[in-house]
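Here the structure is laid out as structure tokens; the discussion comes afterwards.
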Amino acid sequence: MRTKTKNRLTIIITILLFTSPVVVAYLLSSGVIDYQPEKTKNNGHFISPLVKVANYSDAPWVADLDGHWTLIRRVPQSCSTQCQTIENDLHKYRLSLGHRAEKLNLMLMANGFDTEMPDPFPHIKKVSIADNVGLSKVFEQLSEVSLKQGHGMYVVSPEGFMMMSFTPENTSTEIIRDLSLLVKRKGE
């Protein structure tokens, strides 16, 4: 091959290498090529649109959401003895994260709590939202993509957005896998 032809071929290949990703990105974003990945890494259901908790409450507990991943378990009624099982499950999720456990806060939300009950898990924040109609409505709506009938399990990002819910079909292993991926996120 002659030098002149070889140089032209090198220039053409170089141009194609640099322009092809731009062309492919344009085709994917314009909708000309309709590509959706078959499987994602997460097992939970992404909440769309995201819900900023601070838009529905200015209570002091909302400030605790900033800077930490938070797993919220919502119970539509008042909590008494049945919530001890839920608290135990929440505690197990946190323990399963090992050395990253401090990156996950746990919160139990209900319409009220029995103050006579012992508190074996003081690291689980208990929040009563009985008098917050707006937030209760949001949880009722989100319940349909979570545990149904007012119950729900949600992940709140360090920025304060409810961004993922879990359904009855999600196993404990799947939930732990999702939480592990989230708390590994850099910059926390």
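The values are calculated or read from the model by the stated rules, or taken from the named source; none is laboratory data. On a predicted model such as this, the values are computed, not experimentally measured, just so you know. Here Cβ is always computed from backbone atoms with ideal geometry, including for glycine, and neighbour counts include all displayed protein chains.
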Checking 20, 30 in turn, the sole residue that is loosely packed, with under 10 Cβ neighbours inside 10 Å, over 20 Å from the mean Cα position of the chain (by Cα) and farther than 27 Å from residue 178 by Cα turns out to be 30
Is there any pair linking a residue in the range 116-136 that is touching a residue at least 24 places away in the same chain (Cβ under 8 Å) to one that is among the acidic types (Asp, Glu) and in a loop (DSSP other than H, G, I, E, B), with Cβ under 9 Å and at least six apart or on different chains, and which?
-> 125/64; 126/119
Check the range 144-156 and report whether any residue there is within 15 Å of the chain's Cα centre (by Cα), within 14 Å of residue 70 (Cβ to Cβ), modelled with pLDDT of 90 or more and β-branched (Val, Ile, Thr).
-> yes
Could you tell me whether any residue of the range 148-162 is loosely packed, with under 12 Cβ neighbours inside 10 Å and either of a type in the set (Asp, Glu) or not assigned by TED's automatic domain parsing to the domain that holds residue 78 (or both)?
-> no
Filtering the range 51-109 down to residues that are assigned to a helix (DSSP H, G or I) and of a type in the set (Val, Ile, Thr), which residue is surrounded by the fewest Cβ atoms within 10 Å (Cβ to Cβ)?
-> 85
Are any residues in the range 125-143 under 18 Å from residue 67 (Cβ atoms) and buried (at least 17 other Cβ atoms within 10 Å of the Cβ), and if so, which ones?
-> 127
